[in-house]
Amino acid sequence: GENVEQHPSTLSVQEGDSAVIKCTYSDSASNYFPWYKQELGKGPQLIIDIRSNVGEKKDQRIAVTLNKTAKHFSLHITETQPEDSAVYFCAASIGRGATNKLIFGTGTLLAVQP
Amino acid sequence: DAMVIQNPRYQVTQFGKPVTLSCSQTLNHNVMYWYQQKSSQAPKLLFHYYDKDFNNEADTPDNFQSRRPNTSFCFLDIRSPGLGDAAMYLCATSMDSSYEQYFGPGTRLTVT
């Protein structure tokens with residue numbers, strides 16, 4: 001079945017450094033790729049997303065890149081801050097219309113050391 | 001602010017005692033999802049409603065049921081909770097013209 005692989009599972013960086021999280025997906029028909037940030041005890045929060053007709057998207061300190069040929073997409077966080085510490089999930093869309101849903105990666109625990 | 005609301009935030013139930021979790025939304029989205037998330041794992045889709053149409057995932061146990069009485073509300077019923085059903089339950093919504101899903105804060109279910 002369809003799956004999304006996410007690496008690394010844990011990532012520790014110093015405040016101010018950059019962090020990169022990578023995902024690969026299996027369904028070539030996937031065309032929507034969101035990233036969620038989940039803080040302890042809270043629901044996932046959509047932080048950025050990209051569609052298959054775009055190769056890169058940026059929003060302040062976060063950016064996402066997509067390589068459809070290789071079925072890879074990545075999250076880049078620059079100038080990391082302690083409040084960026086959380087679990088990050090990537091996801092890829094499958095299906096259309098009523099059957100549309102997201103397949104999630106296994107998550108990356110990001111720790112930003114002050 | 002438009003949002004997804006889940007009540008209660010924490011729920012304790014006894015083994016085998018039916019429990020209902022609720023979700024409401026002010027986004028006027030036509031699709032509502034229920035996910036189960038266990039510790040250190042990704043959210044796992046249980047089922048979703050596309051308008052009034054119920055879509056069950058193939059591996060969702062029969063013990064889990066859902067109701068959507070109107071656009072704004074959706075309920076998750078666990079008929080006979082087992083210890084393995086202890087988890088965070090997340091509700092999410094989206095519009096059919098867009099893939100973006102917006103999550104509520106979740107309900108942490110404990111089974112004693």
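Read the figures in this text as sums done on the coordinates, not as results from a lab. Values in this document were obtained by computation on a predicted structure and should not be read as measured data. In this analysis, Cβ positions are derived from the backbone assuming ideal geometry, glycine residues included, and neighbour counts consider all displayed protein chains.
For region B:1-93, the calculated P(r), taken from all Cα-Cα distances in 5 Å bins from zero up to the bin holding the longest distance, is 3, 13, 26, 26, 19, 10, 3, 0 percent.
For the protein assembly as shown, the dipole from Cβ point charges (+1 on Lys and Arg, -1 on Asp and Glu) about the Cα centre works out to 360 debye, to the nearest 20. If you plug the beta carbon distance of B:Asn28 and A:Ser12 into 1/(1 + (r/R0)^6) with R0 = 45 Å, you get a FRET efficiency near 0.65. FRET efficiency for the A:Lys58 to A:Glu2 pair, using the beta carbon distance and R₀ = 35 Å, is estimated at 0.80. Could you tell me the center-to-center distance, by alpha carbons, between region A:1-66 and region B:88-112 in angstrom? Going from one Cα centre to the other spans 18 Å. In terms of the mean number of neighbouring beta-carbon atoms within 10 Å, the peptides B:68-80, A:48-60 order highest first as B:68-80, A:48-60. Extent along the principal axes, Cα only, for chain A: 43, 29, 21 Å, with the longest axis given first. Between B:Ser72 and B:Asp96, the contour length at 0.36 nm per residue exceeds the Cα-Cα span by 7.1 nm. With R₀ set to 35 Å, the beta-carbon distance separating B:Gln14 from A:Glu83 gives a calculated FRET efficiency near 0.35.
Taking 0.36 nm per residue of separation and subtracting the Cα-Cα distance, full extension of the segment from B:Gln41 to B:Thr110 would add 23.2 nm.
For peptide B:42-49, the mean count of partner chain Cβ atoms within 10 Å of a residue's Cβ comes to 4. Note on B:Thr60 and B:Asn7: the model spin-label points, each 7 Å out from Cα along the C-beta direction, lie 2.3 nm apart. Look at the stretch A:27-38: the mean tally of other chain Cβ atoms within 10 Å of its residues' Cβ atoms is 2.
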